[in-house]
Every structure is written in structure tokens, then in C-alpha cells.
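The values are calculated or read from the model by the stated rules, or taken from the named source; none is laboratory data. If you're wondering where the values come from, they're calculated on a predicted model, not measured in any experiment. Cβ sites come from the backbone with ideal geometry, for glycine too, and all protein chains shown count toward neighbours. For accessibility, only protein heavy atoms count, side chains too; no ligands or nucleic acids. Shrake-Rupley method; radii C 1.70, N 1.55, O 1.52, S 1.80 Å.
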Amino acid sequence: VPVNHIQYCHLLDYEHQIISIILSHCHYSLRHGEGQVVTYDLPALEKHFVDQFVHGKPLIQLHIQQITYRKDAFSIANIRKRVAPQIKLGAREKAEIIKELHTIKSLRDCLDIVEIMMGFLSSGQTDPEIELRTYVSKSLKMGKKFSCKKALDYCKLGHVLSLWETLSVEMAKRLTYIQQEPFVGLNDEYLNPLLNYQLQQLKNVLHGVDIGSLLDVLYEFIETFIRHECPESNLKLIDKLIEHYPAISKDTILPKSITVGQAVDTWKEIACYEIEPPK
């Protein structure tokens with residue numbers, strides 16, 4: 001019987017059915033000096049169990065569908081090729097979008113829809129000039145569920161990667177601040193903590209650095225390169241960052257002692273530094 005055709009009669013109710021069967025094959029008698037004696041017809045009880053629970057029930061065909069995690073369903077590289085050019089949102093637009101999504105739930109709900117949208121945009125050529133409002137309401141049919149009006153006002157499909165990055169980084173920050181893991185599912189070899197001397201080196205070089213841009217770049221590096229490419233964890237983090245984002249070498253310097261395996265902890269420490277820089 002397929003799972004979607006299961007009826008109540010196909011299922012087993014052990015608590016009530018077993019007791020009922022046992023009682024039906026239970027015999028009581030009174031003996032002088034012994035009181036009530038209970039005996040069981042074991043051959044009949046065994047036959048009843050087999051008929052009721054083995055021969056009397058169908059085999060359920062259980063088909064477990066494969067689950068695809070949403071972050072595996074879209075390709076940032078494909079979006080850059082197929083919805084080009086991709087344009088960065090301005091600082092004011094980012095700030096207003098984040099301000100509107102003031103709870104983790106509203107932020108998560110909005111990010112969920114953006115990642116669903118990115119899954120579709122990864123698979124075909126799309127005009128970057130299409131308004132986000134139009135695509136969400138007419139193509140995705142999710143206009144009523146999309147809670148961020150500022151994003152609908154400011155964004156076209158050419159801003160989708162910048163919007164995803166803005167929402168994702170903000171979500172990761174908020175999870176970090178309440179001591180929850182922002183990079184769920186990464187292999188443990190990339191979750192190594194910074195040593196005390198590395199943490200001090202990191203704080204020393206963060207003076208004068210554009211923290212927001214560094215967090216954006218490092219977040220994308222973790223979610224795209226580390227999560228999917230699984231590089232060796234003992235490689236120097238700064239070398240791999242410059243290899244993937246050559247522009248950051250001009251104004252961003254991370255201590256060479258920090259490895260790829262410490263990338264997540266480095267991101268978290270920078271996020272905390274942003275809200276509480278040393279005096």
C-alpha cells in the first residue's frame with residue numbers, strides 16, 4: 001500500500017489490540033484452596049497474533065524523498081553569469097532594509113524567499129532590470145509573503161546577490177550575538193578556534209579596515225568556497241581570500257598565521273569587534 005493510500009485499518013494499535021487478543025485466549029477457573037487460576041491457550045494466541053499482525057496487514061511502500069538544502073539549490077556563479085550585471089546596494093539602502101527587518105523571524109522569512117528566488121535565477125537567463133517586486137509577485141507568486149517593503153522599493157534582479165549577502169550577513173551577525181551557530185553544516189575542520197596570539201594579531205590589524213566589507217567578503221568565501229569546495233584547512237586564509245577576491249589585497253590584511261580552518265571563528269570575532277571595538 002503506498003503511503004498516500006494508508007487507512008486506519010492498515011495500521012497497528014498495539015496498546016488496545018494486543019490486550020484484546022490476550023484476553024480473548026485467557027481462561028479463568030476456581031480451585032479449592034487456590035482461588036482464581038488464569039491459563040492461556042498459547043497455540044491459539046500465537047496463531048491469532050500471526051493472522052492479526054503479519055498476514056492481516058499490508059506492506060506499506062515507504063518512499064523517502066531526497067532533501068536538497070536550499071544553499072545547495074542555487075549557484076552564485078551562475079547568477080553572476082545569467083543575471084548580469086549584478087550591482088551592489090548602497091549603504092543607505094542596506095541600512096533601511098535591515099532596519100525594517102528588526103526581528104530574526106522577519107529576517108529569516110525574507111531570506112528564505114530570496115534564496116528560493118536565487119534557485120530559479122540560477123537555472124536560466126534573466127533580465128537584471130526586472131523589478132524585484134514584479135518577479136516576486138508574478139513569477140514566484142509570493143508577493144504576500146515577502147515582508148520587506150524597502151527591498152521591493154530599492155531592488156531589481158540585478159541587486160539579488162547584494163540583497164542576499166546583506167540579509168545573510170545580518171542573519172549571521174544576529175545569530176553570533178546570541179551565541180548560536182551561523183554556519184550550520186560545515187565540517188568540524190573549519191570550526192577551529194583562534195589562539196590567543198592570533199586573536200590579538202587580528203584585533204591589531206582591524207584598526208582602519210572597512211569591517212562591513214570584510215565581513216561580506218569573508219561570509220561569501222565561507223558559504224561558496226569552503227562549504228562547496230572543501231579546501232585543505234591548513235592553508236593560509238589570507239592567501240585563499242586574495243586568490244578569490246584580488247581587490248581585497250589592497251585594503252584588507254589578515255594575519256598570515258590564521259588558516260582556512262579558522263575562517264568561521266575569524267568571521268565571528270570580526271562581527272563582535274564591529275559592535276564592540278577596543279577603546
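For every residue, the table says whether it meets (1) among the aromatic types (F, W, Y); (2) open to solvent by less than 70 Å² (accessible area, probe 1.4 Å); (3) modelled with pLDDT under 95.
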site	(1), (2), (3)
I79	no, yes, yes
R82	no, no, yes
I130	no, yes, no
R133	no, no, no
D153	no, no, no
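Scanning segment 176-198 for residues being part of a helix (DSSP H, G or I) and surrounded by fewer than 18 Cβ atoms within 10 Å (Cβ to Cβ) gives a total of 5. Within segment 203-235, the only residue that satisfies the criterion of being assigned to a loop (DSSP other than H, G, I, E, B) and in contact (Cβ under 8 Å) with a residue 60 or more places away in the chain is L206. Take the conditions (1) open to solvent by 30 Å² or more (accessible area, probe 1.4 Å); (2) out of contact with any His (no Cβ under 9 Å at 6 or more places or on another chain); (3) not small (G, A, S); Y273 misses just one of them, which is (1). In segment 236-270, of all residues being open to solvent by 60 Å² or more (accessible area, probe 1.4 Å) and part of a loop (DSSP other than H, G, I, E, B), the one that is modelled with the highest pLDDT corresponds to K256.
Scanning segment 227-266 for residues that are basic (K, R) and more than 24 Å from the chain's Cα centre (by Cα) yields K236, K240, K250, K256.
Quick one: G158 ticks every box in (1) surrounded by 13 or more Cβ atoms within 10 Å (Cβ to Cβ); (2) modelled with pLDDT under 90; (3) among the small types (G, A, S) bar one, so which box is it? Every condition holds for G158 apart from (2). Given (1) under 17 Å from S106 (Cα atoms); (2) in contact (Cβ under 8 Å) with a residue 24 or more places away in the chain, where does K144 come up short, assuming only one miss? That leaves (2) as the condition not met.
The residue pairs whose first member lies in segment 90-102 and is in contact (Cβ under 8 Å) with a residue 40 or more places away in the chain and in a loop (DSSP other than H, G, I, E, B), whose second member is open to solvent by less than 50 Å² (accessible area, probe 1.4 Å) and hydrophobic (A, V, I, L, M, F, W, C), and whose beta carbons are closer than 9 Å, counting only pairs six or more residues apart or on different chains, are L101/L107; L101/C110; L101/L111; L101/C148; L101/A151; L101/L167.
On inspection, T166 qualifies as touching a Lys or Arg at 6+ places or on another chain (Cβ under 9 Å), among the β-branched types (V, I, T), open to solvent by 10 Å² or more (accessible area, probe 1.4 Å) and within 15 Å of G90 (Cα to Cα).
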